[in-house]
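See below for the structure under consideration.
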Amino acid sequence: MTSNEISTYEETLGLQGEHHDADHRDVERVLREAGWTPCGAGDWAIALRSPDGRAAARISPFDPTASYTVALYREAAHTGQVPRLFAHRRLVGGGDLQIMEWLEPVDADEAAEFHRALAAREPEVAELADVVRRVHERGRRESHWFAPKLDDNPDNIMRNAAGRLVAADLFGADGPRLYAAVVDDPQLVVTTIPEPERRFMTEIPLTNTGPWPPDVRESMRTTLTTADAANRA
């Protein structure tokens, strides 16, 4: 993909103009209006495919550790074993947008073997393993909610158009601990994640584990609002 084609994706999404203050809803609307179509959803994000089929957009309402995934894609780009990242943007309210090359799923056994090789730092993935370890250690130092382990879900190993296996979404937030703290220790949440960066934390899709009922979402929002007020007092 050429730099002109990448620039076209950016312009389509409004990354260089009127949508500078966009949240996850705005970005999804702009993409759909431009002909992008739904192609997947997980617990933290949804995905849309570009009209030409060559790119995918990952849109999350709230992702406090996405910048480390982006760092991995950029720092390990020379290995050819991570997705090509065409654009990245943090969204209003703590959301995140990544535009990357389109990837195809692979057999679960093949994916598991790639994860095993990565964990063992086998020669064919040694350079990637070094970058993964470096960025993961940085995330653990800098983010209170960074997951302690890599995500070895087989779905995170995919194949690009050139036929190469690539590793995606190896990092993430420690969701169970974070969302338990909303109930058990909301002061910890509000002092470690500023309000503008968690405004939509109750709106993650939770497609795999099941969304919260509306009353639970409202209770979480109320709890955090109360903790924010107490923190300002």
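Key figures for this structure:
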read-out: Number of positions in segment 36-59 that are at pLDDT below 95 and among the β-branched types (V, I, T); value: 0
read-out: Members of segment 137-187 that are outside any loop (DSSP other than H, G, I, E, B), open to solvent by 50 Å² or more (accessible area, probe 1.4 Å) and free of Cβ contacts under 8 Å to residues at least 12 places away in the same chain; value: E137, R140, R141, E142, P176, D184
read-out: Filtered residues of segment 194-233 (kept if farther than 18 Å from A173 by Cβ and of a type in the set (D, E)); value: D215, E218, D228
read-out: Complete set of residues in segment 203-219 that are under 16 Å from F62 (Cβ atoms), free of Cβ contacts under 8 Å to residues at least 40 places away in the same chain and surrounded by 14 or more Cβ atoms within 10 Å (Cβ to Cβ); value: P211, W212, R217
read-out: Residues being surrounded by 15 or more Cβ atoms within 10 Å (Cβ to Cβ) and either among the hydroxyl-bearing types (S, T, Y) or free of Cβ contacts under 8 Å to residues at least 12 places away in the same chain (or both) - total across segment 193-202; value: 1
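The values are calculated or read from the model by the stated rules, or taken from the named source; none is laboratory data. Just so we're clear, the structure is a prediction, and the values are computed from it rather than from any experiment. Cβ coordinates were reconstructed from backbone atoms using ideal geometry, including for glycine residues, and neighbour counts include every protein chain displayed. Surface accessibility is based on the protein's heavy atoms, side chains included, excluding ligands, DNA and RNA. Shrake-Rupley method; radii C 1.70, N 1.55, O 1.52, S 1.80 Å.
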